[in-house]
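J.: Quick one: structure below, then a few questions.
Derivation of every value follows stated rules applied to the coordinates shown; laboratory data play no part. It should be emphasised that the depicted structure is a prediction, and the values quoted were computed from it without experimental measurement. Backbone-built Cβ (ideal geometry, glycine too); neighbour counts: all protein chains shown.
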């Protein structure tokens, strides 16, 4: 019976001393308050009540710096919030640094980030702070990276979540943005109208040029017609004004479908035939 009790006691002690370290963690083992061993992932056994294990998460973690009111260089209160991504490095010295060199590294990172943001944004105007977020992120990262070297911490990145101005300033900024958008829309509309007007103008110019060219061609045709008439007059009617008058009268009559009897042996018949390419009729002997 005694052996059974002793066996149960030993089994209980053994079970109480079992510790499992997951792949996402590393651990430090202390004995009576003194560091004795670095525990990798896997099975470990410690002496109950004498040894103590401290596990540390070595995966990437995130802390929120929490919104805070910061007075900018132009005396405006801006609500600023940021996030810090970090991880404890997995080597023994880094894990020891995260436990022995800082009381609570998560709390310390949050406060350091808040203080750094106040120092950075306090020297900037609200407008420059909004337009230079990349610069703020870079300065915040560099400060946290340098200050946490002894903690075994690696700062992965920092993200500035928001820089919100006071409500009345935000409303004014929204009105300015709206006015700028309306101005741009008006300029675009005016440009479009100008383009349409320019197209109409070019179309009218082309139309006028076409009408001009038509008139020129018409005038050239009329001039050619007059030239031919003059040549005919020079050929057939020089010194014979009476015959020209008769031919003009004949033209007028033909246009009005008036029947005219012309004597066969007259000069008018010979002139008409000659102009049509017909040989003149021979005269009777």
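J.: Please state the relative contact order of the stretch 61-165 as a whole percent: Cα pairs under 8 Å, 6+ residues apart?
T.: Computed over the stretch 61-165, the figure is 41 percent.
J.: Which length gain, in nm to one decimal place, applies between residue 93 and residue 3 when the Cα-Cα distance is subtracted from 0.36 nm times their residue separation?
T.: Values: separation 90, 0.36 × 90 = 32.40 nm, distance 4.46 nm.
Length gained between residue 93 and residue 3: 27.9 nm.
J.: Taking the Cα-to-Cβ direction at residue 206 and at residue 192 and moving 7 Å from each Cα, how far apart do the two end points lie in nm?
T.: So the label points at residue 206 and residue 192 sit 2.3 nm apart.
J.: Mind ranking 202-214, 86-98, 7-19 by how tightly packed they are, going by the mean number of other C-beta atoms within 10 angstrom, highest first?
T.: Working: 202-214: 10.0, 86-98: 18.5, 7-19: 11.6.
Per-residue mean Cβ counts within 10 Å order the peptides as 86-98, 7-19, 202-214.
J.: Still on this structure, I have one more. Quick one: go through the stretch 65-86 and flag any residue whose amide nitrogen is under 17 Å from the point 7 Å out along the Cα-to-Cβ line of residue 161.
T.: Zone members listed by number: 65-70, 78-86.
J.: Calculate how large, on average over all directions, the projected area of the Cα convex hull of the stretch 2-57 is; give the answer in nm² to one decimal.
T.: Values: hull surface 16.3 nm².
With the hull built on Cα positions only, its mean projection is 4.1 nm².
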